[in-house]
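Reading through the structure tokens given below for one structure.
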Amino acid sequence: MASEEFSGNYMEKARTSKGVSDFFPGRMTEFRRPAEGVFEFLTDNGVLLRVSLVGEGVVRFRFTPDGRFEDDFSYAVDPEHQPGTPEHEVVEFGDGVAIKTGSLSIRVNRGGLKTTVTDTKTGIILSQDEQGYHWQENKQYGGEIVKMSKVCRNGEHYYGLGDKSCDLNLRGRRFQMWGSDTYAYTPDTDPLYKNIPFYISLCKGAAHGIFFDNTFRTSFDLGAERPEVTSFFSQGGEMDYYFIHGPEPLDVIRRYTRLTGLVSMPALWTLGYHQCKWSYYPEAVVRGIADGFRSRRIPCDALYLDIDYMDGYRCFTWDAERFPNPKKMVAELEEDGFKTVAIIDPGLKIDPNYPIWQEAYDKGYFCRRQDGSLFKGSVWPGLCHFPDFTNPEVRDWWAGLFHGLIAETGVRGIWNDMNEPAVFEEGTFPRDVRHDYDGHPCSHRKAHNVYGMQMVRATQEGLRRNSNGRRTFSITRSAYAGTQRFACAWTGDNVASWEHLSIANLQCQRLASCGMSFIGSDVGGFIETPTAELYLRWIQLAVFHPFFRTHSSGDHGDQEPWSFDKKTTGLVRDAIELRYQLLPTVYTTFRQYVRDGTPMLRSLPFVDFNNPDAYWRSAEFFFGDHLYVVPIMAEGEEGRFLYLPKGDWFAYHDDSHPKAVAKDIWIECPLDRIPVFVRSGAIIPHWPVQQYVGEIEHPEPELRIWTKLGSETSEWYEDEGDGQAWRDGGFRESKINLQGDKGSLSLHREWHGHWEPGYETVHLTFCGIDSDAPDLKVLIDHHEQRAVRGDDGRYRVNTHRNFYSVNLEWTPVKAPKRKAGEKKSQPEK
Ligand code: MIG
């Protein structure tokens with residue numbers, strides 16, 4: 001990977017050893033306001049800074065050393081959905097200018113254009129330039145190596161940066177963005193497949209984010225080289241970054257996600273369980289896998305075809321021997337509830353008898369070298385040419401190619417691989433390869449990090465055109481900021497090891513905090529074979545990953561849920577069934593992500609942000625508003641210490657009620673589940689188990705309600721599960737408030753949207769009630785009913801789909817019923 005161009009260290013250390021000279025802005029000579037919410041500062045050496053108020057709490061800083069900007073173009077920022085300019089005032093003073101909004105004050109200094117951002121309400125400085133903007137001439141390629149350095153404060157911690165495999169807290173480390181095919185990566189491998197130049201800073205409870213919208217190879221130094229300095233710099237392009245205010249970490253993530261694009265509702269089946277392998281072929285093997293699921297009654301919604309379905313790895317073709325009648329196979333799988341997902345690669349085999357190659361060749365759609373020859377690279381099909389997906393005409397053509405797979409054959413999802421882009425031997429394209437970059441011609445230095453994103457953008461368009469109004473599903477390995485708009489993602493070629501189970505947890509949490517919540521890992525590990533226990537623990541964690549797919553390279557053994565022993569098969573089934581029961585919760589959490597950009601996986605430091613003890617924790621995370629998940633990541637682990645955040649928690653599985661909070665507690669973790677806690681007062685919607693989404697036509701929901709002394713609100717989102725009606729109110733979005741006291745609780749429900757459920761009955765289950773009575777009086781919409789106690793101590797009653805109020809009363813018993821799973825200290829070994 002290392003080439004001379006990129007081996008250099010462009011900050012402090014390099015300067016003395018390499019004699020690098022940096023340039024800095026001079027003195028401010030002019031301040032102007034070219035448009036509402038836009039401010040420009042010019043210096044005596046021609047540097048121009050433009051500060052734009054993009055929306056409440058989001059400020060864009062854009063620098064150029066020569067007084068004018070290039071065309072304002074970004075693949076990341078979604079121009080359609082930016083909020084308006086917030087109210088503001090401007091104050092000029094002796095050594096600078098201050099722009100004040102309700103939440104932020106931005107100060108620009110006359111000497112050197114250094115900036116400071118302060119929280120208007122608290123007066124706390126959130127971000128302060130150290131050397132600030134500076135640059136170095138790029139003699140080899142032209143343009144500048146652009147740099148920004150900021151003060152790294154005492155007690156400041158950093159998170160994010162998308163696809164990194166180390167612990168969540170990034171303080172003291174340095175990273176790069178240069179999408180790379182990193183087979184069998186480790187916690188130290190950097191860069192990986194995805195490029196998301198966005199970090200979150202958390203300092204004594206106050207959070208902000210920095211999004212550096214630069215597609216060249218960028219670097220981030222978070223107090224590594226100098227502990228008191230945080231810097232980011234790039235091999236080219238502009239110093240163009242967004243300051244994103246919190247004050248809470250989840251606000252930062254929401255704002256970043258809105259800036260780079262909210263996503264659409266996924267088809268419900270895509271949230272089911274998926275089974276993949278490199279490769280299932282021929283057809284009989286695929287059908288065998290399908291039977292394997294149905295005969296064992298293990299739920300599954302999707303089966304995958306890896307590269308061997310194609311004719312000699314030629315994209316958009318089928319191997320006629322292995323798959324003589326794909327349309328029939330796909331249709332019959334679909335009747336049995338299996339959706340077929342097929343892989344696609346960017347490289348097109350150089351072969352005059354391959355019409356797709358011929359057409360792209362004739363139309364000039366392939367990438368060229370600097371002197372005009374076509375770029376050739378070797379991948380699975382042999383020597384290939386590569387479409388320039390940064391050309392809109394090429395994207396349009398690529399989208400058209402999906403008619404066969406999607407509209408004719410009935411394939412329901414597309415899996416985009418190798419789009420870093422990956423090339424055998426060399427790793428990726430040479431730097432001089434040319435790209436259109438949507439009418440801003442450039443070299444691969446600038447287009448590399450967005451190539452994969454533009455490929456999946458074209459693929460998604462192909463799916464959209466051919467799906468008859470159904471929601472599209474596509475998966476990507478590579479990404480740039482904003483790719484969430486076009487595809488879900490997986491974390492690439494991991495390994496079947498306990499360490500990688502932990503890495504999967506970190507990567508999924510981290511990508512979710514960078515706008516990419518629809519994320520999952522290859523369950524069980526891609527390379528090598530997991531033990532039964534590792535596979536089970538991985539499945540149990542992935543129940544709480546939005547994208548839930550087993551995948552393996554297949555050359556080391558089988559990796560289906562039944563490939564281990566009988567006991568494991570049963571426990572894996574239990575876990576997958578739990579996912580299907582939780583589908584309404586997964587869907588509701590997805591809805592929050594779609595509506596507000598709230599991440600589905602919420603790392604502990606982002607929720608418990610006032611507690612510095614949580615800042616270095618990585619393992620435990622929140623799924624949605626109310627579930628707290630604790631992965632088990634070691635062999636033979638029968639118990640572990642875990643951190644239970646402030647609040648009041650029940651064990652999800654048995655309603656036990658640990659009293660110790662905001663500290664580590666010891667919990668037993670038998671093989672049949674991983675610890676999951678539910679916030680007291682939460683209402684968690686469930687469904688009956690189905691073998692696939694839609695097996696039961698109108699599943700009757702069960703709302704599980706946990707008691708609380710006090711008040712809590714829960715959301716519940718429902719819609720058709722597919723189609724576009726959700727965009728115009730074709731959903732039912734309920735808010736249910738719970739008020740609890742000693743011996744009573746009441747629910748109030750409100751909803752909006754015009755979708756009418758097809759079911760009549762809703763099942764209510766009350767959990768954590770301290771009563772022994774065989775039944776309890778419950779008023780539902782002012783009618784009296786009885787809630788009946790089950791063997792598990794929960795009380796159940798049925799109601800109708802439009803219920804709006806519930807009142808339950810009981811006489812509390814004194815002694816706590818049960819304390820299963822909770823002990824004061826670690827047992828002696
Ligand atoms: O060079 O298509 O990460 O999931 O099974 C390997 C074969 C190409 C890499 C992907 C992996 C996929 C495999 N691909």
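How large is the Rg to Rh ratio of segment 532-648 when both quantities use alpha carbon positions and Rh follows Kirkwood?
1.00
Tell me whether segment 626-715 comes out rounded, prolate or oblate; compute the Cα gyration tensor, take square roots of the eigenvalues as a ≥ b ≥ c, and use a/c under 1.5 as the rounded threshold.
Oblate, since a/c reaches 1.5 and b/c is not below a/b.
Go through 67-76, 689-698 and give me the packing order, highest mean Cβ count within 10 Å leading.
Descending packing order for the listed peptides: 689-698, 67-76.
Segment 93-136 to segment 498-541: how many Å between their Cα centroids?
41 Å
Over the Cα atoms of segment 426-583, what Rg and Dmax result, in angstrom?
18.2, 58
What translational diffusion coefficient, in µm²/s and rounded to a whole number, does the Stokes-Einstein relation yield for segment 414-460 at 4 °C and a viscosity of 1.567 mPa s, taking the hydrodynamic radius as the Kirkwood radius over Cα pairs?
D, rounded to a whole number, is 116 µm²/s.
In terms of modelled amide H atoms, which long-range or inter-chain residues lie less than 5 Å from the amide H of G492?
Close amide H contacts, sequence-distant or interchain: D522.
Counting Lys +1, Arg +1, Asp -1, Glu -1, what net charge surrounds V394 among other residues with beta carbon under 9 Å of its beta carbon?
-2
Report the charge-dipole magnitude of segment 538-687 in Debye, nearest 20, computed about the Cα centre from +1 at each Lys and Arg Cβ and -1 at each Asp and Glu Cβ.
500 debye
Rounded to two decimals, what is Rg over Rh for segment 232-332 when you use alpha-carbon atoms and the Kirkwood radius?
The Rg/Rh ratio comes out at 1.22.
Once label points are set 7 Å from the Cα along Cα→Cβ at both R294 and K328, what is their separation, rounded to one decimal in nm?
Inter-label distance under the simple model: 1.6 nm.
Just report the Cα centroid separation between segment 556-627 and segment 179-206, whole Å.
Value for the Cα centre distance between the two parts: 20 Å.
Before anything else, pin down the relative contact order of segment 411-506: Cα pairs under 8 Å, at least 6 apart, normalised by residue count, whole percent.
So the answer I get is 29 percent.
Could you compute the net charge surrounding N807? Neighbours are other residues with a C-beta less than 12 Å from the C-beta of N807; K and R count +1, D and E count -1.
-3
At a Förster distance of 56 Å, what's the computed FRET efficiency of N802 paired with E321, Cβ-Cβ distance as r, to 0.05?
0.50
How high is the FRET efficiency from E89 to T186, r the C-beta distance, R0 51 Å, rounded to 0.05?
Taking R0 as 51 Å, the efficiency between E89 and T186 is 0.50.
Across the Cα atoms of segment 256-309, what radius of gyration and what greatest pairwise Cα-Cα distance (Dmax) are found, in Å?
Answer for segment 256-309, Rg first and Dmax second: 15.5, 47 Å.
At a 10 Å Cβ-Cβ cut-off, how would you order E408, E784, E702, fewest neighbours first?
E784, E408, E702
Roughly how many Å is it from the Cα centre of segment 302-361 to that of segment 634-666, as a whole number?
Each part's Cα centre sits 47 Å from the other's.
First check a/c for segment 160-264, with a ≥ b ≥ c the square roots of the eigenvalues of its C-alpha gyration tensor; if it is under 1.5, answer rounded, and if not, answer prolate when a/b is larger than b/c or oblate otherwise.
rounded
Where in segment 262-284 does the amide nitrogen come within less than 18 Å of the point 7 Å from the Cα of E335, taken along Cα to Cβ?
Counting backbone N atoms under 18 Å from the label point, the list is 283-284.
Given +1 on the Cβ of Lys and Arg, -1 on the Cβ of Asp and Glu, and no further charges, what dipole in debye does segment 301-450 carry about its Cα centre, rounded to the nearest 20?
The calculation lands at about 520 debye.
Multiply the residue separation of K376 and A532 by 0.36 nm, subtract the distance between their alpha-carbon atoms, and state the gained length in nm to one decimal.
Net length gain for the segment: 51.9 nm.
Which FRET efficiency value, to the nearest 0.05, do you get for H698 and E635 by plugging their Cβ-Cβ distance into 1/(1 + (r/R0)^6) with R0 = 41 Å?
Computed FRET efficiency for H698 and E635 comes out at 0.45.
Starting from the Cα-Cα distance between K663 and Q358, subtract it from 0.36 nm times their residue separation and give me the gain in nm to one decimal.
Value of the extension gain: 103.4 nm.
So what is the 222 nm mean residue ellipticity for the chain from helices alone, if each DSSP H run of at least 4 adds -39500 (n - 2.57) and you divide by all residues, rounding to the nearest 500 deg cm²/dmol?
After summing the helix terms and dividing by the residues of the chain, the value is -5500 deg cm²/dmol.
Roughly what % antiparallel, to the nearest 5, for the DSSP beta bridges in segment 271-397?
Looking only at bridges with both residues in segment 271-397, the antiparallel portion is about 55 percent.
Quick one: grab the alpha carbon gyration tensor of segment 51-112, order the square roots of its eigenvalues as a ≥ b ≥ c, and give me rounded if a/c is under 1.5, else prolate or oblate depending on whether a/b is larger than b/c.
Oblate shape, in that a/c is at least 1.5 and b/c is the bigger or equal ratio.
For segment 570-726, divide the Cα radius of gyration by the Kirkwood radius and give the resulting Rg/Rh value with two decimals.
Checking Rg against Rh, the ratio lands at 0.97.
Express the Stokes-Einstein translational diffusion coefficient of segment 70-170 in µm² s⁻¹, to the nearest whole number, given a Kirkwood radius over alpha-carbon pairs, 25 °C and a viscosity of 0.890 mPa s.
Stokes-Einstein gives a translational diffusion coefficient of 145 µm²/s.
Dividing the Cα convex hull volume of segment 351-462 by residue count, how many Å³ per residue is that?
Given the Cα convex hull of segment 351-462, per-residue volume reads 105 Å³.
Would you report the distance distribution of C-alpha pairs in segment 496-577 as whole percents per 10 angstrom bin, up to the bin with the largest distance?
With a bin width of 10 Å, the distribution comes to 20, 52, 25, 4.
Quote the relative contact order of the chain in percent (integer), defining contacts as alpha-carbon pairs under 8 Å separated by 6+ residues.
Answer for the chain is 9 percent.
What does the charge dipole of segment 99-207 about its Cα centre add up to, to the nearest 20 debye, if the Cβ of each Lys and Arg holds +1 and the Cβ of each Asp and Glu holds -1?
In debye, rounded to 20, segment 99-207 gives about 540.
Indicate, rounded to the nearest 5 percent, the antiparallel portion of the DSSP beta bridges found entirely in segment 346-479.
Just about 75 percent of them are antiparallel.
Consider a paramagnetic label point 7 Å from the Cα of A284 along Cα→Cβ; state which residues of segment 305-325 have an amide N under 15 Å from it.
Output list for this probe position: 321-325.
List the lysines whose Cα sits under 18 Å from the Cα of K814, skipping any in the same chain fewer than 8 residues away.
Straight-distance partners of K814: K659, K708, K742.
What is the sum of charges around P757, taking Lys and Arg as +1, Asp and Glu as -1, for the other residues whose C-beta is under 11 Å from the C-beta of P757?
Within the 11 Å Cβ shell, the charges total -4.
Separation between the D351 and S264 pseudo-spin-labels, each 7 Å from Cα along Cα→Cβ, expressed in nm?
Output for this residue pair reads 3.2 nm.
From the P(r) of the chain, can you give the percent of Cα pairs sitting at distances over 34 Å?
Distances greater than 34 Å cover 53 percent of the Cα pairs.
With a cut-off of 14 Å, note down the residues of segment 704-723 whose backbone N falls inside the zone around a label point 7 Å from the Cα of D741 toward its beta carbon.
Residues passing the 14 Å test: 708-711.
Here, each number is a calculation from the coordinates, and none is a lab measurement. Keep in mind the model is a prediction, meaning the values are calculated, not measured. Methodologically, a virtual Cβ is constructed for each residue, glycine included, from the backbone with ideal geometry; neighbour enumeration extends over all protein chains shown.
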